[in-house]
Amino acid sequence: MGCWFLNKYTLLFASLLYCAANPLMAQSNQTEAARWLAKAELAPPFHAPASRKQWETQRKQVRAQLWQLLGKLPPRPKTPAVETLSREDRGGYVLEKFQFDNGAGSAVPGYLLLPKNLRSKAPAILYCHWHGGEYELGKEELFQAKHTPEAPGPAFAKRGFVVLGVDAYCFGERNGRGPGGPSEKGSGGEMSASKFNLWVGRTLWGMILRDDLIALDYLATRSEVDPRRIGVTGMSMGATRAWWLMALDERLKTGVPICCLTRYRNLIEHELLKAHGIYYFVPNLLNHFDTEAIVALIAPRPVLFLDGDQDATSPADGIHSIEAAVRPVFQLYGAKAAFQSVVYAGQGHTYTPEMWARTLEWMDERLAGVK
């Protein structure tokens, strides 16, 4: 009996010592991501305040913080210095190729599609191209039915929209035009551009958005464009550019971001940081807020998000968290229907014909039909 008692408690003591020496064994059900998050000092979840007045005050603070997080961005030129390089009749529209000096050491090439026979100022679309590791593509996406069911640039132009798209840093004609020189292209060039910007106190993401806003500055000044009717759209990286731009600039009256409504904490929890490139990350962001606070800045302007529940770039539970947090903000303005989010079951990172049809319908109703 005494021997059994001794052995029983000897084993118990040994077990306790083993667990103390191996604390991770007691956390075996936790993922590595969960352990990292548990020790990070993150901001609490965003919640809509009780009144519109309270939100208007908070809104200014969130937007100011967002600009600060993007880094020490150079001021945008007051008047973009735009050079028209060519002008070509494409049948249903006229295509202008242009470039502007972004004031930060880089020329930004772009395309402008002008519908023919305009009788009055037209609505416009700022089109943001995707990433997908296709560094050679950039703005040429406007003319390809590769990621969209039809070439988006001509399709919008034929419906009466002026369309503008530029090459983001490291893409299209800017591939190989980073601080690493012409021999450094693709992901290597993107990494060097990110490193350079971090060293000078800003983010590559902020500089990408800054170029998009200079493009918007130019688009809004074109005599063919009604500046009260400008929307934005894009897929993947283009989608993220679209909703960040709407959060930052009130001139964008509506938008349709496709396949990239990502809540950042959920991306970490699903161990999917690998789904996005280095360009995408903004230091210190999660110490202040997550995606829902950014998307809330869009209210009360109408926006349509279209995503798939099997898209690794945007975990579905994160999308639903954003929806739940943002809808009450739109309700503060009596604009519940202005926030629309559709998550397609069984669908991945794909721009389907149904999504494209909804995009066209949305832009027609919110921009083309408004005078």
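The values are calculated or read from the model by the stated rules, or taken from the named source; none is laboratory data. Here the structure is a predicted model, which is why all the values come from computation and not from measurement. Glycine also receives a Cβ, built like all others from the backbone with ideal geometry; neighbour counts cover every protein chain displayed. Keep in mind that these areas ignore ligands, DNA and RNA; they rest on the heavy atoms of the full protein, side chains included. Shrake-Rupley method; radii C 1.70, N 1.55, O 1.52, S 1.80 Å.
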Of the residues in the range 178-209 that are surrounded by fewer than 22 Cβ atoms within 10 Å (Cβ to Cβ) and of a type in the set (D, E, K, R), the one that is nearest to Met246 (Cα to Cα) is Arg202
Just one listed residue, out of Glu83, Glu173, is of a type in the set (Asp, Glu), farther than 25 Å from Trp362 by Cα and touching a Phe, Trp or Tyr at 6+ places or on another chain (Cβ under 9 Å), and it is Glu83
Contact list, first residue from the range 102-115 and among the β-branched types (Val, Ile, Thr) and open to solvent by less than 20 Å² (accessible area, probe 1.4 Å), second anywhere and modelled with pLDDT of 95 or more and in a loop (DSSP other than H, G, I, E, B), beta-carbon distance below 7 Å, six or more apart or interchain, is Val108/Asn102; Val108/Asp167
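Per-residue answers, yes or no, for (1) open to solvent by 20 Å² or more (accessible area, probe 1.4 Å); (2) part of a helix (DSSP H, G or I):
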| site | (1), (2) |
| --- | --- |
| Leu304 | no, no |
| Asp317 | yes, yes |
| Ala325 | no, yes |
| Gln331 | yes, yes |
Checking Lys78, Lys60 in turn, the sole residue that is in a helix (DSSP H, G or I), open to solvent by 40 Å² or more (accessible area, probe 1.4 Å) and either in contact with a helix residue (DSSP H, G or I) (Cβ under 8 Å, 6 or more places away or on another chain) or basic (Lys, Arg) (or both) turns out to be Lys60
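Given the criteria open to solvent by 80 Å² or more (accessible area, probe 1.4 Å) and either under 17 Å from Arg210 (Cα atoms) or in a strand (DSSP E or B) (or both), does Glu88 qualify?
Criteria met by Glu88.
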Output for Cβ contacts, cut-off 7 Å, separation at least six or different chains, first residue farther than 17 Å from Val108 by Cβ in the range 171-190, second open to solvent by 20 Å² or more (accessible area, probe 1.4 Å) and of a type in the set (Ser, Thr, Tyr), reads Gly180/Ser192; Glu184/Ser192; Lys185/Tyr135; Gly186/Tyr135
Per the filter on the range 332-359, residues under 20 Å from Glu292 (Cβ atoms) and among the hydrophobic types (A, V, I, L, M, F, W, C) are Leu332, Ala335, Ala337, Ala338, Phe339, Val342, Val343
Out of (1) touching a residue at least 60 places away in the same chain (Cβ under 8 Å); (2) surrounded by 15 or more Cβ atoms within 10 Å (Cβ to Cβ); (3) within 29 Å of Lys195 (Cα to Cα); (4) within 16 Å of the chain's Cα centre (by Cα), the one His288 does not meet is (4)
Apart from one, (1) without any contact (Cβ under 8 Å) to a residue 60 or more places away in the chain; (2) within 19 Å of the chain's Cα centre (by Cα); (3) over 23 Å from Arg76 (Cα atoms) all hold for His131; the odd one out is (1)
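Residue-by-condition table, conditions (1) β-branched (Val, Ile, Thr); (2) modelled with pLDDT of 95 or more; (3) over 19 Å from Val166 (Cα atoms); (4) over 21 Å from the mean Cα position of the chain (by Cα):
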residue	(1), (2), (3), (4)
Gln54	no, yes, yes, yes
Thr57	yes, yes, yes, yes
Ala64	no, yes, yes, no
Arg76	no, yes, no, no
